[in-house]
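Here the structure is laid out as structure tokens; the discussion comes afterwards.
The values are calculated or read from the model by the stated rules, or taken from the named source; none is laboratory data. Just so it is clear, the model here is predicted, and its values are computed rather than measured. Positions of Cβ are backbone-derived with ideal geometry, glycine not excepted, and every protein chain shown enters the neighbour counts. Surface areas here come from the heavy atoms of the whole protein model, side chains and all, with no ligands, DNA or RNA. Shrake-Rupley method; radii C 1.70, N 1.55, O 1.52, S 1.80 Å.
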Amino acid sequence: MNKTIFFSIIAVVFLLSCNKQNLSATPYKNNYMVKDTLNFKVLKYSSHGGAGEEKIELINNQDEFSILWANRNSTVSPQPELPTIDFNEKSVILIDFNRSSHGVPPKKVKNVIYKNDTCTINLIVPPVDFSQPVTMAIVNEYMFIVIDKLKKKTNFDLKFTNS
């Protein structure tokens, strides 16, 4: 009886260890992302300084990033320090949002999905609470996001939800 229990435990441990995935393995093929859900970090969100029209740019080198960072922060004093990005492993996405005529709560990134050469950025846009004072001003929002490395020929899709 004890031998049966012992061998059953050994068999379960063996089967579980065979199914174990290498979670530290890099999900890249030819130095570009192949997994669906990407790791991301919002570097900066601002309601002022954007282009005023919806536009998404994929940045894969330091020179381009430096120029766009300086451009978006040109009205800020003192200018924020340029973040250090390893462009061998990461890409940066710059999202400019359409001009808005009212102060809205800041957008938040829910997740970033990459599938079939399309990067979908799911954003949460909290509803405006009109019971509180609302800023009535024209805003030109933008956001810099660091993600896992993407191909330059990636299509983008923005999806907005309120939760």
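At a glance:
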{"item": "Glu53 free of Cβ contacts under 8 Å to residues at least 40 places away in the same chain, open to solvent by 30 Å² or more (accessible area, probe 1.4 Å) and either assigned to a loop (DSSP other than H, G, I, E, B) or of a type in the set (Ser, Thr, Tyr) (or both)", "result": "no"}
{"item": "Subset of segment 125-163 that is more than 19 Å from the chain's Cα centre (by Cα) and not hydrophobic (A, V, I, L, M, F, W, C) - its residue that is farthest from Lys90 (Cα to Cα)", "result": "Ser131"}
{"item": "Phe65 being among the aromatic types (Phe, Trp, Tyr), out of contact with any helix residue (DSSP H, G or I) (no Cβ under 9 Å at 6 or more places or on another chain) and more than 24 Å from Lys151 (Cα to Cα)", "result": "no"}
{"item": "Considering residues of segment 90-113 that are touching a residue at least 60 places away in the same chain (Cβ under 8 Å) and more than 14 Å from Tyr45 (Cα to Cα) only, the residue farthest from the chain's Cα centre (by Cα)", "result": "Ile113"}
{"item": "Top-ranked residue of segment 114-163 - restricted to ones that are in contact (Cβ under 8 Å) with a residue 40 or more places away in the chain, more than 18 Å from Tyr45 (Cα to Cα) and in a loop (DSSP other than H, G, I, E, B), ranked as most open to solvent (accessible area, probe 1.4 Å)", "result": "Lys152"}
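Residue-by-condition table, conditions (1) surrounded by fewer than 17 Cβ atoms within 10 Å (Cβ to Cβ); (2) of a type in the set (S, T, N, Q); (3) free of Cβ contacts under 8 Å to residues at least 40 places away in the same chain:
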| position | (1), (2), (3) |
| --- | --- |
| Leu58 | no, no, no |
| Asn61 | yes, yes, yes |
| Ala70 | yes, no, yes |
| Asn73 | no, yes, yes |
| Glu81 | yes, no, yes |
| Ile85 | no, no, no |
| Asn88 | yes, yes, no |
